[in-house]
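Values in this text are rule-based calculations from the coordinates and carry no lab data. In this text the structure is predicted, and so the values were computed from the model without any measurement. Here Cβ is always computed from backbone atoms with ideal geometry, including for glycine, and neighbour counts include all displayed protein chains.
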Amino acid sequence: MALDDVLDLVPELQGERRVEPLAGGLTNTNYRVTTPGGSYVVRIAGKDTGLLAIDRANEIHNTVAAAETGVGAPVVAALPEHDALVLEFLEGEVMDAEKLRRGDRLEAIAEACRRLHGGRRFRQDFDMFAIQRGYVQVVQERGFRLPDRYLEFEPRVRELEHAMRLRSEPTVPCNNDLLAENFIEVGGAMRLIDYEYSGNNEPSFELGNVWSESNLSLEQLDELVTHYYRRPLRNKVARARLWGLMSKYGWTLWGSIQDGISDLDFDFWGWAMEKYDRAVIEFEGPEFERLLADVKRPD
């Protein structure tokens with residue numbers, strides 16, 4: 001179905017309107033639609049995104065729940081039969097990694113995460129270990145590219161998984177995909193968008209993912225964790241660092257799958273290898289064993 005035909009199905013988008021493509025999406029095609037009544041974002045899902053462990057019914061449910069907390073954008077319409085989701089457009093400043101690395105927004109990020117995590121539980125759980133195993137299976141079955149030595153680190157991943165399971169955090173509703181561009185500063189507060197990978201998860205995964213995606217310093221990770229838990233906690237910093245490592249290792253294969261299936265004009269393999277190279281440094285680094293010991297410590 002043509003885009004205009006999809007837009008005509010939504011009362012708020014009918015009649016006079018201006019449609020502009022939105023840049024930046026790595027999975028979907030996004031548009032800003034402006035009408036006399038307001039401004040909206042229309043997201044059209046990409047091809048074969050089920051291979052990326054995206055559940056669209058889960059995404060819709062969780063996007064609505066996130067909006068209830070005041071952190072997510074309000075949902076205007078969901079048209080699953082057309083792989084379309086319509087949200088209110090958030091007028092604000094979109095973040096990028098450079099802005100987050102300045103360090104002056106870490107407290108606002110922690111506050112936004114706490115607000116989201118305090119909302120009603122999401123529809124499904126999110127487990128990066130299970131998702132990564134699923135990605136390995138997809139890559140191998142489909143013959144997609146696998147980075148050199150990738151499977152050599154599986155014993156370390158299982159060691160990491162064992163350590164993390166020994167003293168798991170209670171799970172809360174998490175976004176789980178907090179690259180810098182998914183933060184929008186509106187009126188001095190951070191809002192969070194894009195709930196494709198949302199699910200109930202450990203808060204420390206969310207913090208580690210923020211650190212990893214924007215390549216924050218270790219000092220900034222300490223600060224972010226302290227803001228979130230309202231006190232310095234060595235074991236939570238270790239959890240966040242290890243979750244950040246696991247997210248890099250897992251999302252590497254997300255990039256491999258996208259490299260094999262996506263029609264978007266983007267270097268997914270280069271994106272994946274940047275994450276993988278950083279993961280290798282951490283797996284082989286001198287602090288890996290110490291971090292495993294730290295996550296087993298009591299609070």
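Taking label points 7 Å from Cα along the Cα-to-Cβ direction, GLU169 and GLU93 give a separation of 2.7 nm. DSSP bridge analysis restricted to the chain gives an antiparallel fraction near 95%, rounded to the nearest 5.
Going by how many other Cβ atoms sit within 10 Å of their own, how do VAL225, VAL280 line up, fewest first?
Values: VAL225 27, VAL280 20.
Sorted ascending by nearby Cβ count, the order is VAL280, VAL225.
The HN-Hα couplings worked out from phi for segment 132-138 by the Karplus form 6.51 cos²θ - 1.76 cosθ + 1.60 (θ = phi - 60°) are 4, 4, x, 5, 4, 4, 4 Hz, whole numbers, x standing for Gly and Pro.
For GLU68, GLU91, GLU111, GLU282, the sequence from fewest to most other C-beta atoms within 10 Å is GLU91, GLU68, GLU111, GLU282. Spin-label model, ARG156/LEU9: points 7 Å from Cα along the beta carbon direction are separated by 4.6 nm. May I ask you to list the trypsin sites (Lys or Arg not before Pro) in segment 203-248 that are in a DSSP loop and have at most 12 other Cβ atoms within 10 Å of their Cβ? The qualifying sites are ARG230. With respect to the chain, whose longest principal axis is taken over its alpha-carbon atoms, helix 218-229 is tilted by about 70°.
Label 7 Å along Cα→Cβ of ASP299; segment 153-179 residues with amide nitrogen under 11 Å? Within reach of a label on ASP299, which here means backbone N under 11 Å from a point 7 Å along Cα→Cβ, segment 153-179 contributes 169-170. Cβ crowding within 10 Å, taken as a proxy for footprinting-reagent exposure, orders VAL295, VAL33 from fewest neighbours to most as VAL33, VAL295.
Peptides 175-183, 129-137 ranked from most to least packed give 175-183, 129-137, packing being the mean of other C-beta atoms within 10 angstrom over each peptide's residues. A straight chain from SER217 to VAL64 at 0.36 nm per residue would run longer than the Cα-Cα distance by 51.8 nm. For ILE281 and ALA189, FRET efficiency with R0 = 41 Å and r from the beta-carbon atoms, rounded to 0.05? Plugging the Cβ-Cβ distance into 1/(1 + (r/R0)^6) gives 0.75.
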